[in-house]
Each structure stands twice: as C-alpha cells, then as structure tokens.
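Taken together, the values in this text are just the output of simple stated rules run on the coordinates, not laboratory data. No experiment lies behind these values; they were computed from the predicted model shown. FYI the Cβ positions are ideal-geometry reconstructions off the backbone, even for glycines, and counts take in every protein chain you see.
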Amino acid sequence: MSTYRVNFYTGAYRDRQQQANEDRAVCFVAHHLNAADDPSADYTLCVVGLNAGPISRAWAQSYTAEVAGAFGVRQWGDDGVCVGGMNGRGNSQIYYTRMPAILPEPLFCSNPEHAAIIRSETGRQRLAEILAASIRQFFPDGGLVAFSIGHRGKPNSNDAGALIFAQPGEPVMYEADATEDILRRAANLLKIFPEVQANGTN
Ligand SMILES: [Zn+2]
C-alpha cells in the first residue's frame, strides 16, 4: 500500500502553491463549499485551473460524480468540471501549481438540505472519504498531498468564507469551519506518517 504524507498550506494563495511546488507535492486540493443567493442552487462542482491538464480534469470529474452519487445531487454542466472557475473565481488558487490540482465545491452552504449534510459529522466524513478515495485512485504511488483550506490562513485576514445555512437554534458555522474539518478527516484517512507543517503560520 502506498504511503501518503499530508501538508496543510497557509499564507497567501499563491505562496501556498509555490511552497507545494518546492515540496514536490503530488497533488493539490484547495477546498471550498459553494454559496448562492438562490437557496435552491443544488449542484456539485469542481474547479480546475485554466491551464489544467488531463489528470486534473479527470480527477475533478470523478470526484463530482462520486459526490453526486453519494448525496443525490447533480453535477454542474456536463460533468461537474468548471475550467478556470465561475467568472474566473478560484482559478488563481490552483493555477500556479506544477502538479494536478482541484478546487472542490461539493455542496452549497446556502442550500438548507446541503447545509444539513455539511453540518453533520457523517456528511463531512463521507465528503472526506470521497476526497481521500479520489486521491488514492488518481495518485496511487503515494507521496506528499497538499491541502489548502479555502479562505482560512491568509495573512491578516479573518475571512472564513460563506455562512452556512442554520435552522433555528443551530450554531453559527462558516464554510472554512466545515472544509477544515473535511480536510483533516481526509488527511487522517490518507496518512501513515504524522502531519508535517511546511510553512504553517497558524
Ligand atoms: Zn469559498
């Protein structure tokens, strides 16, 4: 069985990618969740860079297909793959990597049904399992996996992303709270060796 290490990269988005390049990571994941004004928006989507190669594209497609199957949601567009991001959003968070990279937006913070999944431990664990399985499938030789928590860990920033829909009485929870938990769960599923902080600022 192949061995994986996982680093969480913080700092400016471009610096995260540069450090992952220097560390020779085999793949890069910049995890987000989607949000829209319309609470009925309900598709699963994965952004790849404008310069994405075939592995990134196939990885993104496979990932969204698995999410769609697991949660009964539809893939955005033909195959869930959004090249260059919606109006360019997200592109710069993965564009500068030298390894395959995806920016998953598996569910909507703004959709009440999706928010219920995101808020549940079993939902986040399932998302982590899908992500970890996709990494094992597309990078079967193991190596260093680079994780970037969307919004969180930027210099001089308290950004935590979109507010996750709350039923009355549910605690305040932001996008980055959920994606950090999902990535930590995925890291636990992947790694054999202890996590190494490459350039951690927090
Ligand atoms: Zn986001």
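Just one of the listed residues (SER134, SER157, SER120) is hydroxyl-bearing (Ser, Thr, Tyr) and in contact (Cβ under 8 Å) with a residue 60 or more places away in the chain, and it is SER134. Does ALA52 count as assigned to a helix (DSSP H, G or I), hydrophobic (A, V, I, L, M, F, W, C) and away from the ligand (no atom under 16 Å from the Cβ)? No; evaluated as a whole, the condition is false for this residue. Criterion first (in contact with a strand residue (DSSP E or B) (Cβ under 9 Å, 6 or more places away or on another chain) and at positive phi) does ARG5 satisfy it? Taking the combined requirement at face value, the residue does not satisfy it. Among the residues of the range 27-48, those identified as crowded, with 17+ Cβ neighbours inside 10 Å, within 16 Å of the ligand (Cβ to nearest atom) and outside any strand (DSSP E or B) are HIS32, LEU33, ALA35.
Looking across the range 40-84, just one residue is more than 23 Å from PRO112 (Cα to Cα) and among the aromatic types (Phe, Trp, Tyr), and that is TRP59. If the condition is being surrounded by fewer than 22 Cβ atoms within 10 Å (Cβ to Cβ), closer than 19 Å to GLY90 by Cβ, in contact (Cβ under 8 Å) with a residue 24 or more places away in the chain and within 17 Å of the chain's Cα centre (by Cα), then the range 51-72 contributes ILE55, ARG57, ALA58, SER62.
Scanning the range 133-189 for residues that are within 16 Å of the ligand (Cβ to nearest atom), in a strand (DSSP E or B) and either among the aromatic types (Phe, Trp, Tyr) or surrounded by fewer than 21 Cβ atoms within 10 Å (Cβ to Cβ) (or both) yields PHE147, LEU163, TYR174.
Scan the range 68-90 for residues that are in a helix (DSSP H, G or I) and away from the ligand (no atom under 16 Å from the Cβ) and the total you get is 4.
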